[in-house]
Amino acid sequence: MEKPKLTIDEMAVFCKRKGFVYPSAEIYGGIAGFYDFGHLGVELKNNIKKEWWKTFVQQRDDVVGIDGSIITNPNVWKASGHVDGFTDVIVDCKKCGSRFRGDTLIEDKLKIPTAGMPLDEIAEKLKGHRIKCQKCGSELSEPKKFNLMFSTNVGPVQGSVAYLRPETAQIIFADFKLVQENARLKLPFGIAQIGKSFRNEISPREFLFRMREFEQMELEYFVHPEKQDECIFIEEVSDYELNVLSAEMQKNKKNMGKLTIRQCLSKKIIRTKWHAYWLASMHKWFVELGANPEHFRIRQHVKDELSHYALDTWDLEYEFPFGWRELQGLSNRTDFDLKQHMEHSKADLSLFDEESKKKILPHVICEPSQGVERAFLVFLFDAYSYDKARENVVLRLHPKLAPVKIGIFPLVSNKADVVKKARGVYDELKQRWACTFDLSGSIGRRYARADETGIYATVTIDFESLEDDSVTIRSRDTTEQIRVKISELKDVLTKFMEGEKLGKLGKSVGVK
Ligand code: GAP
């Protein structure tokens, strides 16, 4: 099995050709930074969100979820700092009017990191290195700050400005007290949300990597301010290994490679057990759903790079075809947000601590914040492979993520009784799994189509099936085939989907 290095543009072509992702309203020329998800894309995206919700909300006693509104009271964004500070640096071409991000121009031209670079330094570098318009080569304007929030008006009144949320997190903070009281949460606890966010990115690029409308899966984990390092789950991940790049290592240009969580904590590379726990848990989630652990690392933000609210941030990074990039940000936000919202709303967001009999303001010890579309890309990149023997792409998505789990194929399409029997099997299986019924083209062609879109197993109904009620199951990953009775089919497919080897589940009929 060959692992080709797909570029991001080739991935975009694949996604469009197979019905995963389209440029939004392409018949009108599309619109930069917006994408539509096709019939397979919507299934994959829903499966990713379902697995995240299951792991981090439903299967935990200490986390509950919410689903907040996209447009909320604009004071939320004043309190959070977004109205004043959620900006990127923009420059305009004096001749053709094209707009660019100042820091990105510098990164592209000088190949240096620009995270946290102040406006005056960006201006100096653009001028000093005579960086010109990327489109027509003309002079650029002085750089200025540009707020990334989309604004709109609420109701028929002009001037009643509101914003499309640029992150889901703030809705969690605004609803914090209600959720805590109604769900009777006791520290430490988390509140999670999955939903759309909007950022008017100056230069959306790299397909789904930087979009203007995207989805986030976020979790705010609150702890007692005086018990910030009492992580009750740390033993679960102590031996877990990660590729680590701390701020110190970046400064000294010394990469220590893989370290266990225990080592990260004993060497004080990661400050708190909770931060370490969430970093390992998020990495593990990706790996358990089939991503390749070698393509990940955790990287600490250097001082200049930290957001205004963060005491410490580690990114879970992935090696995309265009380099190592942030896949997920995990920040220690302290009590910054609750404090801000208390101040601006005058509501009391503190909790009563039974032990000390005092009011306390919890700290967000870690906020794992994951873009759904970046996870979507990671799973696709790690699943995509080219099989030389099959001369075909095989999309080896984990069965929990595969958009369609089972393909049901009558061996021939012109024999009514074979097709009827196959339909019966399809009607039965689709009650439990996402299935497809395909009778067009040769059986080889149908297998190839199924492999390319990640269908985990195919079930073929042939003439023998009419006589003995048996069918053939074929594995996408190995092409191994077994023969089983229709009465056993659901049971066998369940076990296969749970990871059992196909050869152990029925009478082998070889590899085809
Ligand atoms: N609440 C914290 C927060 O929003 P962020 O680092 O700005 O932090 C978190 O965003 C995650 O959201 C990123 O790691 C990325 O996965 C995703 N994300 C952010 N901006 C994005 C964009 N323009 N397009 C796609 N995903 C984006």
Item checked: Those residues of the range 331-372 which are near the ligand (Cβ under 9 Å from one of its atoms) and among the hydrophobic types (A, V, I, L, M, F, W, C), in sequence order -> VAL372
Checklist line | Segments classed as strands (runs of 3 or more DSSP E), wholly inside the range 109-195, with at least 1 members that are at pLDDT 95 or above and touching a Pro at 6+ places or on another chain (Cβ under 9 Å) | finding: 151-153, 161-163
Next item on the list: Give the range 434-476 a look and list any residue that's assigned to a loop (DSSP other than H, G, I, E, B) and over 23 Å from LYS507 (Cα atoms), or say none.
Entry: ALA434, ASP438, LEU439, SER440, GLY441, SER442, THR453, GLY454
Note to self: Just to be sure I understand, how many residues within the range 74-108 are outside any helix (DSSP H, G or I) and either of a type in the set (D, E, K, R) or open to solvent by 70 Å² or more (accessible area, probe 1.4 Å) (or both)?
What the structure shows: 6
Notebook entry, point to check: Name the residues in the range 468-512 that are within 24 Å of LEU401 (Cβ to Cβ) and among the basic types (Lys, Arg), would you?
Noted result: ARG474, ARG476, LYS490, LYS495, LYS501, LYS504
Note to self: Checking the condition aromatic (Phe, Trp, Tyr) and in contact with an Asp or Glu (Cβ under 6 Å, 6 or more places away or on another chain), which residue from PHE409, PHE352, PHE376, PHE381 passes?
What the structure shows: PHE409
Notebook entry, point to check: Restricting to the range 266-308, what's the tally of residues that are open to solvent by 40 Å² or more (accessible area, probe 1.4 Å), in contact with a Gly (Cβ under 9 Å, 6 or more places away or on another chain), in contact (Cβ under 8 Å) with a residue 40 or more places away in the chain and not aliphatic (A, V, I, L, M)?
Noted result: 3
Checklist line | When residues of the range 150-194 are limited to those that are in contact with an Asp or Glu (Cβ under 9 Å, 6 or more places away or on another chain) and basic (Lys, Arg), the one nearest to LYS346 (Cα to Cα) | finding: LYS177
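The values are calculated or read from the model by the stated rules, or taken from the named source; none is laboratory data. Predicted, not measured: the structure shown is a model, and the values here were computed from it. Every residue, glycine among them, receives a Cβ derived from its backbone with ideal geometry; neighbour counts consider all protein chains shown. Just so you know, the surface numbers come from the protein's heavy atoms only, side chains and all, with ligands and any DNA or RNA stripped out. Shrake-Rupley method; radii C 1.70, N 1.55, O 1.52, S 1.80 Å.
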